[in-house]
Each structure stands twice: as C-alpha cells, then as structure tokens.
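Written out below as structure tokens is the structure these notes cover.
The values are calculated or read from the model by the stated rules, or taken from the named source; none is laboratory data. Since the structure is predicted, the reported quantities are computational estimates derived from the model, not experimental observations. Using ideal geometry, Cβ is built from the backbone for each residue, glycine included, and neighbour counts are taken over all protein chains shown. To get the accessible areas, we keep the full protein, side chains included, count just its heavy atoms, and leave off ligands, DNA and RNA. Shrake-Rupley method; radii C 1.70, N 1.55, O 1.52, S 1.80 Å.
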Amino acid sequence: SYGAGSRVLLLLNGMPIMQSDAAFPNWLDMPVENIGQVEILKGAASALYGSSAMNGIINIRTAQPKEKPYLRIAPFYTTYFSPKDASQKWWDKAPYSGGTSAVFRQRIKNMGVSVGGFYLSEEGYKQGTYKKYGRGFVGLDYHFSKNIVVGVQGYFNPGSTATFFYWNDDTTGILQPAPNTLSESKRLRFNIDPYLKVKDKLGGYHKLQGRYLGVNNKNSDDQGVKSSMRFAEYQYLKKFKEIGLRMTVGAAYTGTFVDAELYGDTTYSSNNTALYLQTEKDFGDLTIVGGVRYETNVLKSPEIIPSTIFGVTTYDTIPDGRTQESQPVFRLGLNWRLAKASFLRASFGQGYRYPTVAEKFIATSIDVISITPNVKLNSERGYTIEGGFKQGFEWRKLKGFLDASFFYSRYKDMMEFSFGGVDGSSFSFASVNIGNTKILGTEWTIAGTAKLASFKNSIMAGVMFLDPQYTDFSERIQKSSSSQENILKYRFKNSFKLDWQTEYKQVAIGCSFIHNSKTEAVDAFLQNTIKGAERFRENHNGFLRVDLRASYKLSPQYKFSLLGQNITNQAYSQRIGKLEAPFNLGLRLDYTPFGK
C-alpha cells in the first residue's frame, strides 16, 4: 500500500519490527548476516500475533552462539549493465553497489556473544538515487542455569538514501525521475531487545521479552517522521504429555508515539493490549489446534484534522481526539497424518487489522498527486479457510515432498489507497474502505533432492493461481480502476517460481525462474498521470525473470560466488511507474577462518 499498511507481519525473534507509524517493513534493518532460521506462516495469524498478521507472518530468528567460534567476513560488489534499450541509459560510469558484512558468534562458558555489521554503498541504476547504509548489532545472553536464561540484543541502523516515486517517461526517461518526485532522506533506526526465559519445576516455560524501537527519518521534502514503539510480552508454554496437550497463553502490550510532518506536523500516540490462548491436542494421528485472542486498540490524535487540496482546506473532527475499539479473533485447525509421509490439513482463521497512523492521517503531496487523511477509516476484518495435502516421497536417491493447498479469503471493509479521496469525488488519494472482497486460490509446491553419480541436486518449484474479486464491484471502484474486469488492483492471477541447484565437489551452480502474470488492474489516475504508464503496461505487463549463480570453494575457509540477476535483461515493473533493475552481475567472497 505505497509503504503504508501491511497485512503480513514482520517479526524479528518473535517480536514486531514494523515501523510503528506505517506498519512498514524496513528490510535493510534485518541482520541477514546473522540469520539462523526464517519461519513463514501463511493465512490469518491474528489469533496468536495480533493486528497486522491478517495474511500471515514472516519471523526471522537470529543464529545462536555455540562453543566453537564462528566468524564470517563477506565483501561483495555488484555492477549494473545497460538496459536492453540502450537509449534508456543515462550514465557514463556504470551504477554499482558494494560493501561488506561480518559476524562473530561464540559461547564462552555461560555467556553467549554475537556481534556483527553490514555496510552498503550504492549509486543506483535510477538517476539521482543512492544508498549509503550501515547496521550493527550485538547480542549477549547468560545462562544462570539450564533453566534460567537472560539476554539482550541491540541493533543500530543509520543511513541515507535518495529515491523517486515514478519515472519521467517510459522511453528515454524511464530511469530518470519525473519533476518533483526525487526525495532524499537521512534516517536512524535502532532497537533494544531484553528477554528472560525460565523453565519451572512443573515443566512449563515462561518467556518475558520486550523491544524499544526508535525511528528518525529526515526527508528533504518536509515528509520527516519520528516514531517510537514499546513492546512487551509475557508468554507461558506448558506441555501435558500424558494427555497429548500443549497450551500457550500470553499477554502483550504495544505502545507507539509519532511526531511527523507527514501527518500534519503534529503528534499521535496509540496502545494495543491483548490476551491470547492457543491449545494443541493430539488424538492419535490427528492434531487439533484452537486459538483465541482479544485485543483493544486506543489511538490518540488532535481533535481537529485539516485536509488541503489545491489550497482549499477542510476540517474533520474526532471527539476528544480519541478512537478506541476492541475485537476478538479465533483460529481453528487440524493436521491428520494419514500414513507415514501423508498429511491432510484444514484451518479456519479470523483476521483483523487496525488502521495505521499513516493510513488515517497522512497529509502530503508528490508532484501533482495530493494524499489526504481519512479519519473515518474503519478496521478491516476477515477470515481465511484453507485445505491442504502434503505427500512425502523417497525412491532410490530421490526424496522430497509434494504439497497442494486450496484457500478462500473474505475481507470486510478492506483498506486501500484509492484516487477520489474519502467521498470518491476529490482530486486526491486517500486510504478508504473499498468494501468487501474475496480471494479464491490454489498453490502447488514440489521440492526434493537427488544424487546422480557425484552430483547433488536440489529443486523447489511452485505455482499459484488466484481469483481476487470485489463482492460489490461498485461504480466508484470501476472509475478508480484501469480495468473494467472485477479484479482487485495490483494483483496477478498466477505466478510460478522454480529454483534448481547442482553441486559437484567444490563447485555449485544454480538458476531460478520467477514468473508473474499480468497485473490486470491498477489505479486509473496513476496510469493516466504517469507519462507512458499505459503504453508500458500494454507492452511489458507480466514478466519472467531468470537468475543464475555459481560458487567455488577455494578452501574450507574461502568461497567465491558469482550472481547474475535478470540475465535476459527484461524490462519489467512490479509497481506502476518504477522500472526494476536491468541485468546486473554480483561478486562475493566469503571468509570463514574457523570453518562452518
């Protein structure tokens, strides 16, 4: 949603890491150099994780230190080649990105230490854009005994960037900014995460964790934002082995404070409190999961909210500057082991997402586009039903699994930025409740490994088909959409991904294919306003991107990697008015003096 509002919740070590004013995932803040595991939960996960987990979660867990020291230093460099249409090239010296990452982990007796950092310097392939970005982290934990662990992690992420919202035109100016759309920003983001884990005498696990996330974005176009988030959670996990029952119960608090030019140059605060319970019960080969969460949201804002379009200001009123609502959500699922490697699953999950400060109160402009507040914006609610079957297989030296799933989602009062403002007649964008929607889909995945002679092969492929519709394809929606077909904007009906890799001794070679079908509908206003957008969509809607990679282990300590992205140099866009990167080639050297 243009950087404001997400239906998928990004977590770092089980706690929200979204920017508090806009629920925006800052991917560059994630400590990629120290990832131990990535967990993905699809479908409505609001019962356990709360608002913003309407479509699922991505939980990034950092690696834990072990007694053997681990050190990795990895410098990298990427160069961008000319677009397929040479007239679109604006540079004399090729754009590039380069930097290095480093991480060290070790456990010394009862103390665990993790430190690392990352630096990136990039002169972008889009004219006038750049990134100068760094991050550092430190993690400490201490085991008082095998049952009591206390720790803290800290992350520090400074940087500066320049970006533009959309191109000048779709021909020679496709990699150049339209007038008044280039903006520069300096930012500082940091978070401090203390935690305590205790196992009691009855076999229960207590976890108390917290996070303070601070953000300071200074923009060149009076769109700066200062925000902070305070998160605290207590969770208790208990396994009753004698009856095959597992129970998780907890309480969570999230408080935010926002001071921003972007939202009328004023301050906002909010708090979210929640109680949740989830149980899992085994009945032989059948496991049933049930969960419930009850949360309350309170948003405090100015009582009078101005909105200006073409120099004309109107005002909305929020009584006492306070908005409050409470909502329960439920989840129910089952997993049935039909045979040794055959599993049948089904689930029902309710979703709930409270509007962000950005969605309700943003007041800014980009070139000729005004973006206005909507204080009457309602929360969106919905549910997802899924059924799936997973079958493992093994034949000689081939083993893997096949997974097939079918899902159906319904949304009430779905939120979406749409041209026409709050009432559908204003010359501005605003986040509005577009009404009720439904999405029917199916997803098929196959993954496996095979050893052929001395070659180790691995493959993963998946295809997804979607039918995303409005339940009421109203006249207002038809006017705002570039297509008269009943389909949600910015969706594609099918996608396909395939990744294959083979290894022989010290050499590994791999390739990946990513295909998205046409984006059938976008904002009609943007398509008509952005120069050449409609023509580009006619010629380049949908894409197939091909990437190749190769690596060679020079020794147990050194590995050299080569990565080519978009090797066919396709001109494609995933967001209207923004061309994705042309063919680029990256080099990386990994140095691990202690081995794995």
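Please give the length that would be gained between Val38 and Ser269 if that part of the chain were fully extended, namely 0.36 nm times their separation in residues minus their C-alpha to C-alpha distance (nm, one decimal). Don't jump to the answer; show the numbers that get you there.
On the way: separation 231, 0.36 × 231 = 83.16 nm, distance 3.13 nm.
Here the answer is 80.0 nm.
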Report summary line: Summing +1 per Lys or Arg and -1 per Asp or Glu among the other residues with Cβ less than 11 Å from Ser114's Cβ gives +1
Query raised in the report: Which of rounded, prolate, oblate describes the stretch 1-108, given a ≥ b ≥ c as roots of the alpha-carbon gyration tensor eigenvalues and a/c under 1.5 marking rounded, otherwise prolate only if a/b is larger than b/c?
Result: oblate
**Report entry** Anchor Lys479: lysines whose Cα lies under 16 Å away (excluding residues fewer than 8 positions away in-chain)
**Finding:** Lys489
Report task. Compute the Kirkwood hydrodynamic radius of the stretch 465-515, taking the inverse of the mean of 1/r over all pairs of distinct Cα atoms, and give it in Å to one decimal. Result -> 14.3 Å
Report task. Express the accessible area of the stretch 438-596 per residue in Å², computed with a 1.4 Å probe while the remaining protein chains stay in the model. Result -> 53 Å²
**Report entry** Length released on extending from Leu585 to Leu196, taking residue separation times 0.36 nm less the Cα-Cα span
**Finding:** 135.6 nm
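Using the beta-carbon distance between Phe401 and Asp423 and R0 = 51 Å, what value does 1/(1 + (r/R0)^6) give for FRET efficiency, to the nearest 0.05? Mind dumping the intermediate values first?
Working: r = 51 Å, r/R0 = 1.00.
So the FRET efficiency works out to roughly 0.50.
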Query - Inter-part distance where the stretch 192-216 and the stretch 526-543 are each reduced to a Cα centre, Å - result: 49 Å
Report task. Using amide H atoms built 1.01 Å from N in the peptide plane, name the residues 5+ places from Glu380, or on other chains, whose amide H lies under 5 Å from its own. Result -> Arg353
Query raised in the report: Considering only Cα-Cα distances, which of the following residue pairs are longer than 23 Å: Lys281/Lys390; Lys412/Lys493; Lys89/Lys531; Lys66/Lys397; Lys201/Lys239?
Result: Lys66/Lys397
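Over the stretch 162-269, with the other protein chains present, what is the accessible area per residue in square angstrom, probe 1.4 angstrom?
Working: 5300 Å² over 108 residues.
With the other protein chains kept in place, the stretch 162-269 gives 49 Å² per residue.
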Query raised in the report: If you roll a 1.4 Å probe over the chain with all protein chains in place, what percent of the accessible area is carbon or sulfur?
Result: 59 percent
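Add -39500 (n - 2.57) for each DSSP H run of 4 or more in the chain, then divide by its residues: what number comes out at 222 nm, to the nearest 500 deg cm²/dmol? Can you show the working numbers first?
Details: 5 runs with 29 residues, N = 596.
Value at 222 nm, helices only: -1000 deg cm²/dmol.
Rounded to the nearest 0.05, what FRET efficiency do Arg491 and Ile459 have when you use their Cβ-Cβ distance and R0 = 41 Å?
About 0.90, to the nearest 0.05.
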Query raised in the report: How much solvent-accessible surface does Lys68 expose, in Å² to the nearest 10, with a 1.4 Å probe and all protein chains in place?
Result: 120 Å²
Query raised in the report: From the Cα gyration tensor of the stretch 129-221, with a ≥ b ≥ c the square roots of its eigenvalues, which class applies: rounded if a/c is under 1.5, or else prolate if a/b is larger than b/c, or else oblate?
Result: prolate
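If I take every Cα pair under 8 Å that is 6 or more residues apart in the chain, average their sequence separation and divide by the length, what percent do I get for the relative contact order? Numbers along the way, then the final one.
Numbers: 1681 pairs, mean separation 63.2, N = 596.
RCO, the chain: 11 percent.
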Query - Anchor Lys559: aspartates and glutamates whose Cα lies under 16 Å away (excluding residues fewer than 8 positions away in-chain) - result: Glu33, Glu503, Asp590
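Tell me whether the stretch 1-56 comes out rounded, prolate or oblate; compute the Cα gyration tensor, take square roots of the eigenvalues as a ≥ b ≥ c, and use a/c under 1.5 as the rounded threshold.
On the way: a/c = 2.00, a/b = 1.16, b/c = 1.72.
Because a/c hits 1.5 or more and a/b fails to exceed b/c, the stretch 1-56 counts as oblate.
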Requested in this report: Just tell me which lysines come within less than 19 Å, Cα to Cα, of Lys553; anything on the same chain fewer than 8 places away is out.
Outcome: Lys456, Lys505, Lys596
